[in-house]
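Notes to accompany the following structure.
All of the numbers you see were taken from the coordinates with simple rules; none came from a lab. All values derive from a computational prediction rather than experimental measurement. In this analysis, Cβ positions are derived from the backbone assuming ideal geometry, glycine residues included, and neighbour counts consider all displayed protein chains.
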Amino acid sequence: MIDTLIERGQIREAEVIDRELLKANPGDPQGLLFDGRILIADGKNEQALTELEKGLKGEPKSAAGHYFFGVAQNALGFTSQARSSWTRALELQPQMTDAQLALADLEANSGNYDAARRLAGATLKANPNVLSAQLIRARALLGKGDTKEGDALLEAELDRNPTYLPALTTLVNLRVKESRSPEVLRRLSKLVEQYPQNAGLHFLLATVHFSQNDLGKAEASAKQAIMQDRQRSGGYYTLLADIHSAQGAVEKAKADLQTAIDRNPRMIANYLALDTLYEKEGNWEQARKVCERAHEVDPDSPLVANNLAYLYLEHGGDVNVAVSLAQMVRQKMPNSPNAADTLGWAYYKIGSPQSAVVQLKECAEKDPKNPMYQYHLGMAYMAARQFSLAEQFLQKALRDDPNFPDAASARAALDRLLTRGAKG
């Protein structure tokens, strides 16, 4: 019964029964696995991992358990672990369509197109009418550069179902890349006339108008999408925020993003976009609050942690917390110049210039045209009393961009170095 209710989307009803099951036996493996699925449906993927892991300990040969474990892992960005979980699900149940498709989609997204086609083909062999499998095959062909056959597959899918949005979205993106936007706009406008209550079609039309910088029509279509589907409009408000921002209507954009966050609090990209708007207007307090809330929602997000660490370092906050955040980001993004810069600047702020230089040299070498990296490295050398190197990098920062955000501070530091040199 729980399984049926979840499949039907009756999550709260399924939760009530599952709670009774776990109340009678808190360690019941099936109850824990169902609990994990319910948490996934609620967007609580971290908690879902915990419950699913406990359930799999009691029932390690549950193919469904491994499949949903992979779903939660993939949602959190753990793609290699998700691949392992879905592979295990297929080992236990070779004809499990959901696991085949999930793995095929993952392989297509990773550029492993041959593996994606093989897995999608296995699904189609068992059930030739699975549209999502045909879509993955089409995406794999397009990824390998076989535009003609991939295009034909997409059109064949859309002949069967003209409003199948995943295929339509893929085809629209392809046509836009081919500079065939007018053709796409005519097609989408005709579909919107035929299916005026289809929110997804309005949204897709809005995205194409936006890509063509037709902001008025993009706004109208985005609002129509919201009107047709208020329950699942979080993503629509994100697009509307982009449109309003492009129009210069920053307050509207901020309101849109706040609504998007309220509708889908797990979508970290909306917090980052809102943080950017507050930073652009110099509202550091609000930017920090947005980042802190995002960090509460997803404490493992390196992008959020990096932003928050930098806000603490530059605009008020616990510097030691900033160091901890920056260290976490550096571990998760070892090849990122931005992560190295944040950690190096954090070390500078706590008075460890030698440690700062190690980090800042790396990001300055990886991105030698970034004046902020050169400035930070110059300041670290200055604190380490390596004055000739400090002067070299501060001057480079100003040569690369005389008006970068900390240009005044760089000039003031150079003046102090020149004064010191004049004194002997």
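Sorting Val184, Val319 on the 10 Å Cβ count, fewest up front, what's the list?
With the sparsest Cβ surroundings first, the list reads Val319, Val184.
Please tell me the relative contact order of the chain in percent, rounded to the nearest whole number, where contacts are Cα pairs under 8 Å and at least six residues apart.
Values: 550 pairs, mean separation 19.0, N = 424.
Worked out over the chain, it gives 4 percent.
Charges at C-beta only: +1 for Lys and Arg, -1 for Asp and Glu. How large is the resulting dipole of region 48-143 about its Cα centre, in Debye rounded to 20?
Roughly 200 debye, rounded to the nearest 20.
With the dipole of the chain worked out from charges on the C-beta (+1 for Lys and Arg, -1 for Asp and Glu) around the Cα centre, which of Trp345, Thr238, Asn74 lies farthest toward the positive end?
The Cα lying farthest towards the positive end belongs to Trp345.
Any idea what % of Cα-Cα pairs in region 87-238 are farther than 23 Å?
44
Using 0.36 nm per residue, how much length does the chain from Gln386 to Lys125 gain when fully extended, once their Cα-Cα distance is taken away?
So the chain would gain 87.1 nm between Gln386 and Lys125.
Gaussian network model of the chain, Cα springs within a sub-10 Å range: biggest mean-square fluctuation belongs to which of Glu391, Glu178, Glu91?
Glu178
Label Gln258 and Glu193 with points 7 Å out from Cα along Cα→Cβ: what is the distance between them in nm?
It is 4.0 nm.
From the C-alpha coordinates alone, can you work out the Kirkwood hydrodynamic radius of region 162-260, in Å?
Value: 13.4 Å, from the Cα pair sum.
For percent of Cα pairs over 32 Å apart, the listed values are [x] 53; [y] 44; [z] 37; which was obtained by calculation from the structure presented?
Correct label, based on the coordinates given: [x].
What list do you get for Lys396, Lys252, Lys190 if you sort them by fewest beta carbons within 10 Å?
Listed from fewest to most nearby Cβ atoms, that is Lys190, Lys252, Lys396.
State, to one decimal in nm, how far the label point of Asp400 lies from the label point of Met1, with both points 7 Å from Cα in the Cβ direction.
Label at Asp400, label at Met1, 6.5 nm between them.
If you take every residue apart from Val208 with its C-beta less than 15 Å away from the C-beta of Val208, what net charge results, scoring Lys and Arg +1 and Asp and Glu -1?
+2
With unit charges on the beta carbons (Lys and Arg positive, Asp and Glu negative) and the dipole taken about the Cα centre of region 162-260, which residue among Pro162, Ala199, Ser211 sits farthest to the positive side?
Result: Pro162.
Can you give the direction-averaged projected area of the convex hull of the alpha-carbon atoms in region 233-341, in nm²?
Projected over every direction and averaged, the Cα hull of region 233-341 covers 6.6 nm².
Pick out which of Asn173, Asn112, Asn25 has the largest mean-square fluctuation in a Gaussian network model of the chain, springs linking Cα atoms closer than 10 Å.
Result for the chain, Cα springs under 10 Å: Asn25 fluctuates most.
With springs only between Cα atoms under 10 Å, which of Tyr312, Tyr347, Tyr195 fluctuates most in a Gaussian network model of the chain?
Tyr195
Let me know the charge dipole size of region 162-260 about its Cα centre in debye, to the nearest 20, where only the beta-carbon of Lys, Arg (+1) and Asp, Glu (-1) is charged.
Here region 162-260 has a charge dipole of around 180 debye.
Got a sec? How would Asp28, Asp18 order by Cβ neighbour count within 10 Å, fewest to most?
Arranged by neighbour count, lowest to highest, Asp28, Asp18 become Asp28, Asp18.
With a sphere of radius 14 Å drawn around the Cβ of Asn45, what net charge do the other residues whose Cβ falls strictly inside it have (Lys, Arg +1; Asp, Glu -1)?
In short, -4.
How large is the dipole of the chain about the Cα centre if only Lys and Arg carry +1 and Asp and Glu carry -1, each at its Cβ, rounded to the nearest 20 debye?
Once rounded to the nearest 20, the dipole reads 780 debye.
If you take every residue apart from Ala156 with its C-beta less than 11 Å away from the C-beta of Ala156, what net charge results, scoring Lys and Arg +1 and Asp and Glu -1?
That sum, taken over residues with Cβ under 11 Å, equals -3.
What FRET efficiency, computed as 1/(1 + (r/R0)^6) with R0 = 60 Å and r the Cβ-Cβ distance, is obtained for Gln10 and Leu418, rounded to the nearest 0.05? Could you put the intermediate results ahead of the total?
On the way: r = 73 Å, r/R0 = 1.22.
Taking R0 as 60 Å, the efficiency between Gln10 and Leu418 is 0.25.
Would you mind checking Lys223/Lys254; Lys349/Lys369; Lys254/Lys332; Lys54/Lys332; Lys177/Lys217; Lys23/Lys54 for any pair whose Cα atoms are more than 18 angstrom apart? If you can, show how the numbers build up before the last one.
Details: Lys223/Lys254 16 Å; Lys349/Lys369 23 Å; Lys254/Lys332 29 Å; Lys54/Lys332 26 Å; Lys177/Lys217 20 Å; Lys23/Lys54 16 Å.
With Cα atoms farther than 18 Å apart: Lys349/Lys369; Lys254/Lys332; Lys54/Lys332; Lys177/Lys217.
Given N residues in region 124-168, what is Rg(Cα) / (2.2 N^0.38 Å)? The partial results should precede the final answer.
Working: Rg = 9.9 Å, N = 45, 2.2 N^0.38 = 9.3 Å.
Compactness ratio reported: 1.06.
What FRET efficiency comes out for the pair Lys148/Gln95, r = Cβ-Cβ distance, R0 = 41 Å, nearest 0.05?
With a Förster radius of 41 Å, E is 0.85.
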